[in-house]
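See below for the structure under consideration.
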Amino acid sequence: MCLAAAPAILAIAQAGAGFAAASGEASATNAYYNQNRVAAISAANDRYASLNYKTLQERAQASQELFEKQIEALKTRATATASAGEAGVTGLSIDALQGDLLAQQGRQIQAIETNFETSRAANYDEAVATYHNTVGRINSARTAAKPSPIPFILQGAGGMFNKQGAGAT
């Protein structure tokens, strides 16, 4: 009698083992997905921090350059005014010279500001690209649903009835 039940027991055990294996595979796949997700987010956060620090450094550098250019321009205009006064030159010539010096200063300041804004925009674009790369990296790893035990129960029951039916004949 024990030997007659053995095929049915083996069919049920085989179905149980299949379910356990499928559950384990789903758990491993989901664990890999979660590890990949955490690593991708961590890498993205590191890149965002690096881009933010770079932008802050570039802003400080641009501010320093603007400050130095303004001091240089003030010195140049003061020297021109003093030299003109010592030479006895006044009127439209000095006004034109001062206007030219102010225009040069304006072009230099505009160039510094434009360079900073271009660099800041490039850093922002890189941050957006980092975001999209991170999303792509996360979405490239697949997830798995836990398997339903129903097909394995039916497989075991079917195997049990097939074995019993084969033993009865």
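Can you tell me how many residues in the stretch 118-140 are under 30 Å from ALA20 (Cβ atoms) and surrounded by fewer than 16 Cβ atoms within 10 Å (Cβ to Cβ)? Outline the logic, then answer.
Restricting attention to the stretch 118-140, the residues satisfying the condition of being under 30 Å from ALA20 (Cβ atoms) are 138-140.
If we keep only those that are surrounded by fewer than 16 Cβ atoms within 10 Å (Cβ to Cβ) as well, we get 139-140.
Within the stretch 118-140, residues that are under 30 Å from ALA20 (Cβ atoms) and surrounded by fewer than 16 Cβ atoms within 10 Å (Cβ to Cβ) number 2.
Looking at GLN110, GLN155, can you tell me which residue is surrounded by 14 or more Cβ atoms within 10 Å (Cβ to Cβ) and either modelled with pLDDT of 85 or more or more than 30 Å from ASN36 (Cα to Cα) (or both)?
Testing whether each residue is surrounded by 14 or more Cβ atoms within 10 Å (Cβ to Cβ) and either modelled with pLDDT of 85 or more or more than 30 Å from ASN36 (Cα to Cα) (or both) leaves just GLN155.
From the list ALA127, ALA122, exactly one residue is without any contact (Cβ under 8 Å) to a residue 40 or more places away in the chain, under 25 Å from the mean Cα position of the chain (by Cα), under 25 Å from TYR53 (Cβ atoms) and assigned to a helix (DSSP H, G or I). Which is it?
Selected residue: ALA122, the only one of ALA127, ALA122 that is without any contact (Cβ under 8 Å) to a residue 40 or more places away in the chain, under 25 Å from the mean Cα position of the chain (by Cα), under 25 Å from TYR53 (Cβ atoms) and assigned to a helix (DSSP H, G or I).
Could you identify the single residue in GLU68, GLU58, GLU72 that is in contact (Cβ under 8 Å) with a residue 40 or more places away in the chain, closer than 23 Å to SER119 by Cβ and of a type outside the set (A, V, I, L, M, F, W, C)? Quick ask: steps written out before the conclusion?
Values: GLU68 fails: in contact (Cβ under 8 Å) with a residue 40 or more places away in the chain; GLU72 fails: in contact (Cβ under 8 Å) with a residue 40 or more places away in the chain.
That would be GLU58, the only listed residue that is in contact (Cβ under 8 Å) with a residue 40 or more places away in the chain, closer than 23 Å to SER119 by Cβ and of a type outside the set (A, V, I, L, M, F, W, C).
In the stretch 145-152, is there at least one residue being surrounded by 11 or more Cβ atoms within 10 Å (Cβ to Cβ) and among the hydroxyl-bearing types (Ser, Thr, Tyr)?
Looking for residues that are surrounded by 11 or more Cβ atoms within 10 Å (Cβ to Cβ) and among the hydroxyl-bearing types (Ser, Thr, Tyr), one finds none in the stretch 145-152, hence no.
Any idea which residue in the stretch 27-65 is modelled with the highest pLDDT, counting only those that are aromatic (Phe, Trp, Tyr) and out of contact with any helix residue (DSSP H, G or I) (no Cβ under 9 Å at 6 or more places or on another chain)?
This residue is TYR53.
Restricting attention to the stretch 77-103, report how many residues are under 54 Å from the mean Cα position of the chain (by Cα) and surrounded by 14 or more Cβ atoms within 10 Å (Cβ to Cβ).
Of the residues in the stretch 77-103, 5 are under 54 Å from the mean Cα position of the chain (by Cα) and surrounded by 14 or more Cβ atoms within 10 Å (Cβ to Cβ).
Taking the stated definitions as given, is ALA28 farther than 17 Å from ASN115 by Cα and either surrounded by 15 or more Cβ atoms within 10 Å (Cβ to Cβ) or within 26 Å of the chain's Cα centre (by Cα) (or both)?
yes
The values are calculated or read from the model by the stated rules, or taken from the named source; none is laboratory data. Note that the structure is predicted; figures quoted are calculated from it, not measured. Backbone-built Cβ (ideal geometry, glycine too); neighbour counts: all protein chains shown.
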